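Read the figures in this text as sums done on the coordinates, not as results from a lab. Given the structure is predicted, the values throughout are model-derived calculations rather than measurements. Positions of Cβ are generated from backbone atoms using ideal geometry, with glycine treated the same way; all protein chains shown enter the neighbour counts.
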Amino acid sequence: MSNQGGPEGYDVPAVAAWIAENVPSLSPPLQWTRLEGGHSNLTYLIEDTKGTSAVVRRPPQGELLPKAHDMGREWAIISALGPTEVPVASALGFCEDPAVTGAHFYVMGHVEGKALHTCDDTEAWVPINHRETLAWSFFDVLAELHALDPDEIGLGDLGKKENYIGRQLKTWYRSWTSSSAAAEYDDPRAHALQQFLESNVPDQGPARVVHGDYGLHNCLINEQSQVAAVLDWEISTLGDPLADLAYALNQWTLPEDPNPVRANIGSAVAGMPSRESLSERYATRTGCDLSDLDFYIGFNWWKSAMIIHGVYARYMTGKKSTDGVDLDDIRLRIERSLDKAEIAINRIR
């Protein structure tokens, strides 16, 4: 495949030929513009001869872990959610023949809007008198997702339905224990919290599609300050919706929060509603009992510590470049995540 000076990872003539044959709404040749974000997946805005825009997405080049960057999974999810009240980009075409450009890829509709990664993004895009609208829309969309029966929308085989928290505890605790030597860092709270969480998992209700990384950085917000599309479904699975809610609440950092794990996050601006009011709104819309919410809050902070610890270990062993990276800040984020997990769990002990 020759790409000299062209879009990374794409054989432009081959992809254009495939789109001409399989995506009737687009008329190649195409203009390509790289889109940032979306993890390391190679995501481009494409525009055809009629001025119609779409987005094409494929995994990064090189050797990948078996289940990483699963384009077929993302495609299946946006295809299933398209007819529902959950806003997603329209599913236009999926290429499962890696001979075309070296990997599976899919084409989806282009949605106007901005992802809010930082405080500056939100302050520039969302007027202060619209920020409550943004917050309500953000959590209402999550409620709409969790109201869907995965079997009814064709996603019943997206993952295992039972024991979501138990499986997550096993996976992420194994990550911590296997990374501790490389990280040259352990913390007894990681082990004590794991034991408490494992012994006190609430009974799981009906499994729902859980996004897994639902935040303002993974949504496109339109000019009306509402969610126009939810993005990045590649780690989504079936599981406990309250874990998904708690993750979103934990990410909802506010300006007045002491010792935030991440201060410069899209929600940390003036005019945002409290986490308490947002969880109450979610409960009203879904009918969910949130009496065990502190367990899920604690679990998610513990899980965040596990994830950041693994990243820290890769930096410490030279598997990731440390150029421009503040290792002390990463370590502080681990400690603060465990602090917040402990606070939540102590409320229910």
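Quick notes
- Close amide H pairs (under 5 Å, H built 1.01 Å from N) link L92 with V107, M108, G109, residues at least 5 positions away or on another chain.
- The relative contact order of the stretch 119-346 comes to 29 percent, based on Cα pairs under 8 Å that sit 6 or more residues apart.
- Divided by 2.2 N^0.38 Å, where N counts the residues, the Cα radius of gyration of the chain comes to 1.02.
- C-alpha center-to-center spacing [the stretch 240-319, the stretch 80-135] in angstrom: 21
- Rounded to 10°, Cα long-axis angle of helix 188-199 versus longest principal axis of the chain: 90
- For L42, distant residues with modelled amide H under 5 Å away: R58
- Taking amide H as placed 1.01 Å from N in the peptide plane, A228 has its amide H under 5 Å from the amide H of L220, I221, N222, each at least 5 places away in sequence or on another chain.
- For the chain, built as a Gaussian network whose Cα springs stay under 10 Å, the top-fluctuating residue of K319, K160, K303: K319
- In degrees, nearest ten, helix 164-183 long axis to first principal axis of the chain (Cα): 90
- From its DSSP helices (H runs of at least four residues, each -39,500 (n - 2.57)), the chain gives a residue-normalised ellipticity at 222 nm of -13500 deg cm²/dmol.
- Our coupling estimate for the stretch 144-161, obtained by passing each phi through the Karplus curve with A = 6.51, B = -1.76, C = 1.60 and θ = phi - 60°, is 4, 4, 6, 7, 7, 7, x, 5, 6, 9, x, 10, x, 10, 5, x, 5, 8 Hz, Gly and Pro reported as x.
- Inter-probe distance in nm under a simple model that places probes 7 Å from Cα toward Cβ, at D328 and T284: 4.6
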